[in-house]
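Written out below as structure tokens is the structure these notes cover.
The values are calculated or read from the model by the stated rules, or taken from the named source; none is laboratory data. Because the structure is predicted, anything quoted here is derived from the model rather than measured. We place every Cβ from the backbone using ideal geometry, glycine too, and count neighbours over all the protein chains shown.
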Amino acid sequence: MLDEPSAEILELLEEKKYADVKLRFSELYPVDIADIFDDIEDADIMLRLFRLIPKDIAADAFAYMDNDTQERIIDGINDVELSQIINDMFLDDCVDLVEELPANVIKRVMRTASSNNRRAINQFLSYPENSAGSIMTNEYVYLHADMVAVEALSVIRKTAIDKETIDYCYVTTRDNRLEGVVSLRTLVLSEPETPIAELMNANLITVNTTADQEDIALLFSKYDMLALPVVDQENRLVGIITIDDAVDVIQDENTEDFERMAGVAPSDDQYLKTPVWKLARNRIVWLMILMSSAMCTEGLINSFQSAFANNLILVAFIPMLTGTGGNSGSQASTMIIRGMALDEIHWKDFFVVWWKEIRVAFLCGVSLAAVNFARIVLLYPSEPKRIVVALVVSLALILTVILAKSMGCILPMIAKKIKLDPAIMAAPLITTITDACSILIYFTIARVLLGIA
């Protein structure tokens, strides 16, 4: 079902009121225009509408469209139109476009791009994936320390039209070494003849081109920045990362963590546009691994068949025990993974975190055990060994919760230490391990207290 702007624009197109369509497009944000195009199925209507987007916002709207829509539009427009779109887009958006499109479409995009854009895109594509170099843009304003404020403002007026942001201007030497940064606010409020050298902030936060994008997102969050300069090994300014790209990184990283924590292989594809076979492929590997590891639980239960035969009441508490263990481990792992993602928890905090989780687990375990002890005693009056059974379940519950929460904090931290994604040590894997351990704990205690073989 189309929303109101989409329906209105399509109605105007049907009535051939092209001037009204252009006017309506000019009143919308580029991202809202992109949403309209993403909902259109008919390729002919899509192309007719695209050619009616005002030229000054067409490239911005195109950058927000999803990859399938972009590909369909590229297939339908001529080289002149494509060249105008590509050359009007910001460089980082062009790089994102080229990274996502099929090879045959990329060739056409690169062929129609200007020589400068083509050279810059190829340079950016040479940086490692998910690095600062791969998400930065070279469209920034730079100044020199020997300028004065009025000169700097004149430079901004002349060059800012093609820059992604002018909130911060970077002060460089003649050979492009980064010396400082000055905000547009500072320039506007300063006396015209004030030297840039006096206005700039030389205490810079920078990243290298190979820095990981997850670390970059943390810097934006910690220092509340709108842009972050990227330098090479010789401190030459090669680009900047803007807040909109940092937000995209944060969203992508969070999505990846959620997928890994759910036992799903990470994917950049939209759910509704992903084929069923691909969704299944992304999930089946982890399901196979978890199912195989769950066979340990099966083996343990089989080894205690004799205990089951003479004490059937013990079987009734297995789901509660394993479920509580899994939930306890999931709680701990979620908190620890989130803490590491926010850079609040580090490897040096290992024993502090573990000791805290043990104390939390003990309090939770004792509380749950007390409730279950009373429940078993009250609900099983005909069971002659109900007191001992209640004690077995309660002790097993306390130890299971302590073990589960310990693993929930230990495994993600170890994963981080050995350069693995901590999210893989999340609920599904910890639950599977805890299930096996809880069964072993449960029937070991039962053997001791109930005297069963």
task = For the stretch 223-246, name all the residues that are more than 22 Å from GLU179 (Cα to Cα) and surrounded by fewer than 19 Cβ atoms within 10 Å (Cβ to Cβ).
result = ASP244
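Every residue, every condition in (1) under 19 Å from ALA341 (Cα atoms); (2) in contact with a Cys (Cβ under 8 Å, 6 or more places away or on another chain); (3) assigned by TED's automatic domain parsing to the domain that holds MET340; (4) at pLDDT below 85, yes or no:
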| site | (1), (2), (3), (4) |
| --- | --- |
| ALA369 | no, no, yes, no |
| VAL377 | no, no, yes, no |
| ILE387 | no, no, yes, no |
| SER394 | no, no, yes, no |
| ILE402 | no, no, yes, no |
| ILE410 | yes, no, yes, no |
| ALA423 | yes, no, yes, yes |
| ILE433 | no, no, yes, yes |
message = Cβ-Cβ under 8 Å, sequence separation 6+ or interchain: first residue in the stretch 78-98 and farther than 10 Å from PHE62 by Cβ, partner part of a helix (DSSP H, G or I) and acidic (Asp, Glu). Which pairs?
response = ASP92/ASP245
note = Taking the stretch 160-219 and keeping residues among the polar types (S, T, N, Q), over 16 Å from LEU237 (Cβ atoms) and in contact with a helix residue (DSSP H, G or I) (Cβ under 8 Å, 6 or more places away or on another chain) leaves THR186, SER190, THR194, GLN213
query = Somewhere in the stretch 327-348, is a residue of a type in the set (Phe, Trp, Tyr), surrounded by 13 or more Cβ atoms within 10 Å (Cβ to Cβ) and outside any loop (DSSP other than H, G, I, E, B)?
reply = no
ask   = If only one of ILE57, ILE73, ILE53 is modelled with pLDDT of 90 or more and not in a helix (DSSP H, G or I), which one is it?
value = ILE53
note = Those residues of the stretch 48-76 which are of a type in the set (A, V, I, L, M, F, W, C) and crowded, with 17+ Cβ neighbours inside 10 Å amount to LEU49, PHE50, LEU52, ILE53, ALA58, ALA59, ALA61, PHE62, ALA63, MET65, ILE73, ILE74
request  = Looking only at the stretch 81-97, decide whether some residue is within 24 Å of GLN213 (Cβ to Cβ), buried (at least 17 other Cβ atoms within 10 Å of the Cβ), out of contact with any strand residue (DSSP E or B) (no Cβ under 6 Å at 6 or more places or on another chain) and assigned by TED's automatic domain parsing to the domain that holds LEU187.
outcome  = no
task = Confirm whether SER154 is assigned to a helix (DSSP H, G or I), among the polar types (S, T, N, Q), assigned by TED's automatic domain parsing to the domain that holds VAL182 and at pLDDT 85 or above.
result = yes
key: Members of the stretch 243-296 that are of a type in the set (Ser, Thr, Tyr), modelled with pLDDT of 65 or more and assigned to a helix (DSSP H, G or I)   = THR255, SER292
message = For the list (1) closer than 19 Å to THR209 by Cα; (2) touching a residue at least 60 places away in the same chain (Cβ under 8 Å); (3) assigned to a loop (DSSP other than H, G, I, E, B); (4) under 34 Å from the mean Cα position of the chain (by Cα), I need the number of the one condition that GLU129 fails.
response = (2)
note = Residue pairs within 6 Å by beta carbon, gap of at least six or interchain, first lying in the stretch 311-322 and assigned by TED's automatic domain parsing to the domain that holds THR400 and among the polar types (S, T, N, Q), second modelled with pLDDT of 80 or more and part of a helix (DSSP H, G or I), listed first then second, are THR322/ASP435; THR322/SER438
task = Inspect all residues belonging to the stretch 9-28 and state whether any of them is surrounded by 14 or more Cβ atoms within 10 Å (Cβ to Cβ), part of a loop (DSSP other than H, G, I, E, B) and aliphatic (A, V, I, L, M).
result = yes
inquiry  = Of everything in the stretch 135-151, what is part of a loop (DSSP other than H, G, I, E, B), modelled with pLDDT of 90 or more and not aliphatic (A, V, I, L, M)? Give them in sequence order.
reply    = TYR140, HIS144, ASP146
